[in-house]
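Have a look at the structure below before the remarks.
Readers should treat all values here as calculations from the given coordinates under stated rules, not as data from a laboratory. Since the structure is predicted, the reported quantities are computational estimates derived from the model, not experimental observations. All Cβ positions, glycine included, derive from the backbone under ideal geometry; neighbour counts span all protein chains shown.
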Amino acid sequence: MSFTNVAIIGLGLLGGSIGLAVQHYLPGIRTTGYDSDAETRRRAGDRRLADRICESATEAVAEADLVIFCVPPGAMGEAAAEIAEALPTGAVVSDVGSCKQSIAKALGDALPDHVIIPAHPVAGTENSGPDAGFASLFQNRWCIVTPPEPCDLLKLTALVEFWEALGANVEIMDAEHHDLVLAVTSHLPHLIAYTIVGTASDLEDVTESEVIKYSAGGFRDFTRIAASDPTMWRDVFLGNKDAVLTMLQRFSEDITALQRAIRTDNGDALFDHFARTRDIRRSIIEEGQDDARPDFGRADHGEE
């Protein structure tokens, strides 16, 4: 492993999981961690999310050869600017954010003289905070790396090997394409979940107790997704708004088609649509990205 000192900035679900995973799978690497919230730092120390929990971001990165920002997308630029003077010249800067173009720009603007290789581990749960992380979070999950052009191939290879060592399957992808794909597979589903749960709570003829009491499996799944960190998802939608709006328009058109099928009693159209989507679910299970068992066999962690 090329890296020997990894600094983790932000010690919530992903940052904490990286720290625990490095300790478990790469015990030879030294980790430092920092979070802007004092209580989070205290709890991160209790859980030993890093070898050393620092009281400042500059202290955390002082000897780092890899820095991973695990803060909300909207905070990336400010967090990067905070460490600019202390960051070693040869360090690789990366992140775990879900919208790559806007984050790459924010990091590049703050750290113009450093090697920045954005990444996105497509892994997580609806839980957040320093108690949410666990070492196996990235096992058999995809990590999408979106290197700039040109990119130092040795440093890119080192970052890929780092994520593979934590158990991830790594894919190299253009940042613009990543943002479009994730708008479909992650961002739009979260927006729909937030909307459905919000609509249910706003209905005047259904009390809150009835919504909770009579929740069927589908609605419960939506509430699990809608329990995700509101700060992060606010930043995701604003940071990837062009791709999200494009996909939202397409979704709106598909919803209109389904409305028409229901209104006109077109059962064949409904059946064909539902059969096609059931096949997609089966394909996801066959790819190993989910499991037919409840909770993907991860009830102890509550992972998506």
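General observations
- Distance in nm between pseudo-label sites at residue 4 and residue 277 (7 Å out along the Cβ direction from Cα): 5.4
- Per-peptide packing, taken as the mean over residues of other Cβ atoms within 10 Å, places 7-16, 109-118 in the sequence 7-16, 109-118 from highest down.
- Amide H to amide H, with H built 1.01 Å from N, residue 170 comes under 5 Å of 143, counting only residues 5 or more places away or on other chains.
- Residue 81 versus residue 161: modelled label distance in nm, points set 7 Å from Cα along the beta carbon direction: 3.6
- Counting only lysines at least 8 places from residue 155 when in the same chain, those with an alpha carbon closer than 28 Å to its own are 100, 105.
- Rg/Rh for segment 5-173, where both radii come from Cα atoms and Rh is the Kirkwood radius: 0.92
- Loop sites in segment 29-77: GluC sites (Glu not before Pro), DSSP, at most 14 other Cβ within 10 Å: 55, 63
- Think of it as helices only: each DSSP H run of n ≥ 4 in the chain is worth -39500 (n - 2.57), and spread over all residues that comes to -15500 deg cm²/dmol at 222 nm.
- Stretch gain in nm, segment residue 89-residue 256, where the contour uses 0.36 nm per residue and the Cα spacing is subtracted: 54.7 nm
- With contacts taken as Cα pairs under 8 Å and at least 6 residues apart, the chain reaches a relative contact order of 17 percent.
- Ratio of Rg to Rh for the chain: 1.00 [Cα atoms; Kirkwood radius as inverse mean 1/r over pairs].
- Neighbourhood charge, 15 Å Cβ-Cβ cut-off, centred on residue 239 and excluding it, Lys, Arg +1 and Asp, Glu -1: -4
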